[in-house]
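Here's the structure, in structure tokens; my notes come after.
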Amino acid sequence: MTSLKNHKKESSPFGGFRTAPRVAAAPLAALALSAALALPLTAQSAPPTADANVIVRSMENLMYPDAKSELTLVSTVGGKTETYAMTSYARDLNQLIIVRFREPAKLVGSDLLMLDRNVWLYEPKAGREMKIPSNQSFGGTGFSYGDVLRLNFSSNYDASVISQTDDSWTLELKARQRDAPYSRIELAVSKDYLPLSGKCFTRTGELIKEMVYTAVADAGAGKKPLTVTVTSPLDPEDVSTLTVVRETRRTYPPNVFNKKNLAARLEENYGE
């Protein structure tokens with residue numbers, strides 16, 4: 001017969017009392033530890049993903065919100081400095097984006113549109129839109145038109161991880177089309193999915209541009225590097241810097257992003 005000394009009484013949901021065996025403290029502690037270890041990763045610190053395409057898309061989600069952005073571009077080439085002020089209207093990770101110039105006066109009205117990977121420039125004197133290569137140099141600066149439009153990576157390049165440290169990955173981005181701004185890019189991305197630096201190469205493997213991302217802060221649409229500085233190994237004295245001054249999250253309707261709207265300026269109907 002089992003001794004009642006090893007049992008205790010506890011109430012039953014059906015009334016009366018029933019006896020239950022005592023459980024040793026050590027097995028209980030082991031059970032609790034096992035349960036803690038079995039918690040889903042979301043309840044613990046999950047390691048960042050090492051899938052290159054997920055890394056790129058996660059980075060773009062931080063860098064390219066649907067937003068209205070105020071930008072400045074300062075370029076020193078051949079000892080001459082030019083300053084540009086722009087406003088961009090973007091959605092869908094910059095796959096749709098309009099850039100309108102505020103300064104210098106000679107560029108006001110000569111606005112840009114990225115649509116289906118094509119870059120369109122509006123000529124106000126001629127009253128028409130012109131298609132231009134995204135890899136064409138913008139005004140002699142270190143930036144291409146694709147750079148000024150902040151061409152996204154995920155729709156233009158295939159990515160792979162070529163190395164990593166405790167804090168960052170180095171990705172290799174290979175162009176899917178010949179008209180991409182660069183044939184290949186080596187991009188360093190921190191493990192909180194922010195870009196750190198990049199090297200851009202031609203189809204012949206020549207390094208033509210280096211980029212450094214700095215000034216991590218929140219300009220209104222999330223924390224990210226607000227400045228990208230571009231230099232050329234061909235002439236280290238030439239430096240161009242694009243800075244996000246202010247951002248306002250806003251999703252513009254798709255009909256804003258068409259060639260005819262470069263003249264119509266429909267985005268101005270969506271107020272502050």
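See the values below:
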| read-out | value |
| --- | --- |
| Count of the range 68-78 residues which are surrounded by 22 or more Cβ atoms within 10 Å (Cβ to Cβ) and in contact with a Lys or Arg (Cβ under 8 Å, 6 or more places away or on another chain) | 1 |
| Odd one out for A26 among (1) surrounded by 11 or more Cβ atoms within 10 Å (Cβ to Cβ); (2) outside any strand (DSSP E or B); (3) at pLDDT below 50 | (1) |
| Only one of G205, G198 that is in a loop (DSSP other than H, G, I, E, B) and either among the small types (G, A, S) or without any contact (Cβ under 8 Å) to a residue 24 or more places away in the chain (or both) | G205 |
| Scan of the range 86-113 for residues that are over 17 Å from the mean Cα position of the chain (by Cα), assigned to a strand (DSSP E or B) and surrounded by 16 or more Cβ atoms within 10 Å (Cβ to Cβ), ordered by number | M86, T87, I98, V99, R100, F101, L112, L113 |
| Candidates T81, T141, T170, T165 - the one that is surrounded by fewer than 20 Cβ atoms within 10 Å (Cβ to Cβ), among the hydroxyl-bearing types (S, T, Y) and over 23 Å from E60 (Cα atoms) | T81 |
| Subset of the range 236-254 (residues that are without any contact (Cβ under 8 Å) to a residue 24 or more places away in the chain and more than 20 Å from R150 (Cα to Cα)) | P236 |
| Scope the range 148-195; condition within 30 Å of R100 (Cβ to Cβ), part of a strand (DSSP E or B) and touching a Cys at 6+ places or on another chain (Cβ under 9 Å); matching residues | I185 |
| Top-ranked residue of the range 173-206 - restricted to ones that are surrounded by fewer than 17 Cβ atoms within 10 Å (Cβ to Cβ) and of a type in the set (K, R), ranked as modelled with the lowest pLDDT | R178 |
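The values are calculated or read from the model by the stated rules, or taken from the named source; none is laboratory data. Computed from a prediction, not measured in an experiment: that's the story for all the values here. Note: ideal-geometry Cβ built from the backbone for every residue, glycine included; neighbour counts use all protein chains shown.
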